[in-house]
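The values are calculated or read from the model by the stated rules, or taken from the named source; none is laboratory data. Computed from a predicted model, the values in this text were never measured in an experiment. With ideal geometry, Cβ positions are generated from the backbone for all residues, glycine too; neighbour counts draw on all protein chains shown. We work out accessible area using only protein heavy atoms, side chains counted, and drop any ligands, DNA or RNA first. Shrake-Rupley method; radii C 1.70, N 1.55, O 1.52, S 1.80 Å.
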Amino acid sequence: MKHTLALFALALLSPAAVGQSPYRVGAPAPELRLPDITGEHTLDLADLLGRKVVLFEFASW
Amino acid sequence: MPGWHDALLPWRDDDGLAVIGITEEQHPARCRLFAQWKGLDWPILWDPFNLTESKVVPLHVLIDEHGIVRGVNPTAEALEEFLLGEFPAPTTPRAEHDAGATLLEVGAHAQGSFEDLHARALSDLLWRVPGRMDAAVDTLERQAIERADDPRYAFRAGVARRMRYDSVEREPGDFQAALDHWTRALAGDPNQYIWRRRIQQYGPRMDKPYPFYDWIATAQREITARGEVPCELRAALTPVELAQPADFRAGDGGASEPDPSGRIQRADDGWIAVESAVAFDTSASSRVASLHFALRPRAGRAHWNNEAEPTIVWLDADAAHGRLDRQLLESTSRPTAAVSDELRSFTAELELADGVDTAVVRGYALTYVCEDVDGTCLFVRRDFAVEVTRP
């Protein structure tokens, strides 16, 4: 299966900004358990083992 | 981000690709409105305490099926490679727990230990455990003092104080305490841009990298036009959170003081509570500050009378110490009910004079209130003053 990715609007950051990420390529992702923004659900990243994950860390501002 | 959302749709399914968001902001309801507006239907986690320890956003992270990070802020080609690729299982076993796992894991540490109390306080606030707000705030503030050499604890204590400020359990001084904690945290790690943004959100226009929440009115309008009900915001927006970046400009010198001779009857603190908070710009010089004033009638003593003119505030500063951008402010609160008791917020900016570290801003509110006991309604003046000291 191959999908076109030409429309991806990647928010590329500077190398310095990448250096300010706690995520290290080749290392385990941090194990985090947090509520969602509705306050009704909790998600543990460890529960997603076995699946690929695309994680967006952002703010609405 | 919506570009990512649309492009990843064909790849998502219950067993395959998972798309997860983590928002690094104080108020989850605002992100919820954003997600509703943009139609983001993947789970978005709330991380106001910056437990991920990211220093900037946005970040896009690719994690394989074994929990290994395979890319950070990838190019389109790298993302496609990730989606199509297969990754070997790691040869070394994953550590049972890392710092991120145990930070919020109540019971993972010795009962009563620093880590145990920290986990409980964060959990109580994140999951809004009823009746635990004050104890959690106290714990995080005490720990920020105990670990004064680690600015993460100061940041988290600030988040906790602002959470309480936005709740029905608010205590006097919560907002200023939040700003003070964040200022200390940022001094300990000036490259932490998520912490910096938390101050700038409430700070002066000259320090804003962008208007933080000016999209909200458009979002609410467009959501309503779609026939949906916009998510409720819970915490009220202040004008500074909507303000456009702009240089400081001393203004309205022509405004007339509404009660120059002080003839209007005074209302004391027993009728109207006044709270102030000062948010300085985050530059090294810190010369411009946002001044926040919040007025509320005392419960059981008085309430606003809305059948006359809106509340106005007059501010004055000694010109030798600083300049205000505005002196005459008018409440934007326009309740339709005849009486109400909502918080009325006012903001202005002050630029300290060269070589001056402290200025005193004096002011008063003129408003219509009614006594709860006998129903007497009066037009009153409530005096106040705030000391503005460079951090």
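Just to be sure before I move on: is residue B:379 assigned to a strand (DSSP E or B), out of contact with any Lys or Arg (no Cβ under 6 Å at 6 or more places or on another chain), under 22 Å from residue B:259 (Cα atoms) and open to solvent by 60 Å² or more (accessible area, probe 1.4 Å) in the structure I sent? So residue B:379 fits the description; yes. Of the listed requirements (1) more than 14 Å from every other protein chain (Cβ to nearest Cβ); (2) closer than 20 Å to residue B:294 by Cα; (3) under 12 Å from the mean Cα position of the chain (by Cα); (4) modelled with pLDDT of 95 or more, residue B:201 misses just one: (1).
Hey, could you check region B:88-115 for residues that are in a loop (DSSP other than H, G, I, E, B) and closer than 25 Å to residue A:58 by Cβ and say which is modelled with the highest pLDDT? If you could, list the steps in order and put the result at the bottom.
We begin by selecting, within region B:88-115, every residue in a loop (DSSP other than H, G, I, E, B); these are B:88-98, B:104-113.
From the residues that got through so far, the ones that are closer than 25 Å to residue A:58 by Cβ too are B:98, B:104.
On the way: B:98: 49, B:104: 65.
Only one residue tops the list, namely B:104.
For residue B:171, the criteria (1) in a helix (DSSP H, G or I); (2) at pLDDT below 95 hold in every case but one, which is (1).
Filtering B:336, B:367, B:282, B:332 for residues that are buried (at least 16 other Cβ atoms within 10 Å of the Cβ), farther than 30 Å from residue B:188 by Cα and not small (Gly, Ala, Ser) leaves a single hit, B:367. For region B:225-253, a residue qualifies if it is aliphatic (A, V, I, L, M), open to solvent by less than 60 Å² (accessible area, probe 1.4 Å), within 20 Å of residue B:204 (Cβ to Cβ) and touching a residue at least 60 places away in the same chain (Cβ under 8 Å), and the qualifying residues are B:240, B:250.
I'm trying to understand the selection: among the residues of region B:320-336, which are modelled with pLDDT of 90 or more and either farther than 15 Å from residue B:364 by Cα or of a type outside the set (S, T, N, Q) (or both)? The answer is B:320, B:321, B:322, B:323, B:324, B:325, B:326, B:328, B:329, B:330.
Of the residues making up region A:34-44, those that are touching a helix residue (DSSP H, G or I) at 6+ places or on another chain (Cβ under 9 Å) and within 11 Å of residue B:22 (Cα to Cα) are A:34, A:35, A:36, A:37.
Considering only region B:145-174, state which residues are touching a Pro at 6+ places or on another chain (Cβ under 8 Å) and either open to solvent by 30 Å² or more (accessible area, probe 1.4 Å) or farther than 20 Å from residue B:342 by Cβ (or both). Step through it out loud before you land on a result.
The initial filter retains those residues of region B:145-174 that are touching a Pro at 6+ places or on another chain (Cβ under 8 Å), namely B:159, B:163.
Hit for region B:145-174 is B:159, nothing else.
Residue under question is residue B:222, and the condition is that it be part of a helix (DSSP H, G or I), among the charged types (D, E, K, R) and open to solvent by 70 Å² or more (accessible area, probe 1.4 Å); does it hold? Taking the combined requirement at face value, the residue satisfies it.
A single entry from B:79, B:122, B:59 fulfils the requirement of being at pLDDT 90 or above and not assigned by TED's automatic domain parsing to the domain that holds residue B:31: B:122. Pairs linking a residue in region B:102-122 that is within 16 Å of residue A:32 (Cα to Cα) and open to solvent by 10 Å² or more (accessible area, probe 1.4 Å) to a residue that is hydroxyl-bearing (Ser, Thr, Tyr) and at pLDDT below 90, with Cβ atoms under 7 Å and 6 or more positions apart or on different chains, are B:108/B:102.
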